[in-house]
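Visitor: Quick one: the structure is below, questions incoming.
The values are calculated or read from the model by the stated rules, or taken from the named source; none is laboratory data. Computed from a prediction, not measured in an experiment: that's the story for all the values here. In this analysis, Cβ positions are derived from the backbone assuming ideal geometry, glycine residues included, and neighbour counts consider all displayed protein chains. In case anyone asks, the SASA skips ligands and DNA or RNA and just uses the protein heavy atoms, side chains included. Shrake-Rupley method; radii C 1.70, N 1.55, O 1.52, S 1.80 Å.
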Amino acid sequence: DKLLSEGRVITNNGTITWDAGNLISCAGGFLVNNGLLTIANNNSFPTACSGNQGITISNNGTIERTTTGTTTFNTYSSFSNNGTIKGLGTFRFENTSLQQNGRIAPGNPIGLLSLNGRQPFSSGSTLEVQFANGTSSGTDHDQFSFTGDLTLNGTLTVTALGFVPIGTYTIITVT
């Protein structure tokens, strides 16, 4: 586990690669991402300190999961996305405040992306899906999945990366 600077602001204007472990903030730290934050494997922002004030994350750049797995934002965290959340695997928001006015783009470039815990779409948000050659979700076209009730708001953008056969495509699943 890594302890973020307590009560301080860490601003990323370049690239951060987070490939293992948990990031802990016990006194209200802030992470501002204006660049690229790549995430691999399973990891979280855990609630590990007594009196935890959590971490406030503001994404104005790109947060990209590069492997399947789960990144969990636990209780007392606050997450604001005005940039892009993309990639593979799952982002899990457990009792976390989520303000989503940015883009959600499954895949890398084609893939499956899941969000759990909070409504991910506001009137200012965009879901971007891409289609390639074929009808298999996660391989030939993007798919977004959500656990819980889902309210669709904002904009849906669909891009063809090649010839897209006539067929039925499932681009959003809800469980």
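Visitor: Roughly to the nearest percent, how much of the accessible area of the chain is carbon and sulfur, given a 1.4 Å probe?
Guide: Values: 3880 of 8110 Å².
Here it works out to 48 percent.
Visitor: Let me ask something else. Karplus couplings for the stretch 31-36 from phi (6.51 cos²θ - 1.76 cosθ + 1.60, θ = phi - 60°), rounded to Hz, Gly and Pro as x?
Guide: Ordered by residue, 3J(HN,Hα) equals 10, 10, 9, 9, x, 10 Hz.
Visitor: For residue 118, enumerate residues with amide H under 5 Å from its amide H, sequence gap 5+ or separate chain, H modeled in the peptide plane.
Guide: 93
Visitor: Same structure again: Counting alpha carbon pairs within less than 8 Å and at least 6 residues apart, what relative contact order, in whole percent, applies to the stretch 48-175?
Guide: That works out to 19 percent.
Visitor: In the stretch 25-167, what % of DSSP beta bridges are antiparallel (nearest 5)? Write out the running numbers ahead of the final one.
Guide: Numbers: 2 of 51 bridges.
Of the beta bridges lying entirely in the stretch 25-167, close to 5 percent run antiparallel.
Visitor: Which FRET efficiency value, to the nearest 0.05, is calculated for residue 161 and residue 20 with the Förster distance at 41 angstrom and r the Cβ-Cβ distance?
Guide: Between residue 161 and residue 20 the formula returns 0.85.
Visitor: In sequence order, what are the phi-derived ³J(HN,Hα) couplings for the stretch 11-19 according to the Karplus relation 6.51 cos²θ - 1.76 cosθ + 1.60 with θ = phi - 60°, rounded to whole Hz, with x for glycine and proline?
Guide: 10, 9, 10, x, 10, 10, 10, 10, 10
Visitor: Just checking my list (1) 103; (2) 171; (3) 116 against volume of the Cα convex hull per residue in Å³ computed from this structure; which label fits?
Guide: Working out volume of the Cα convex hull per residue in Å³ from the coordinates points to (1).
Visitor: Still on this model: How many Å² of accessible area per residue for the chain, probe 1.4 Å?
Guide: Accessible area per residue: 46 Å².
Visitor: How far apart, in nanometres, would the label points at residue 147 and residue 38 be if each is projected 7 angstrom from Cα along the Cα-to-Cβ direction?
Guide: About 2.7 nm separates the two model spin labels.
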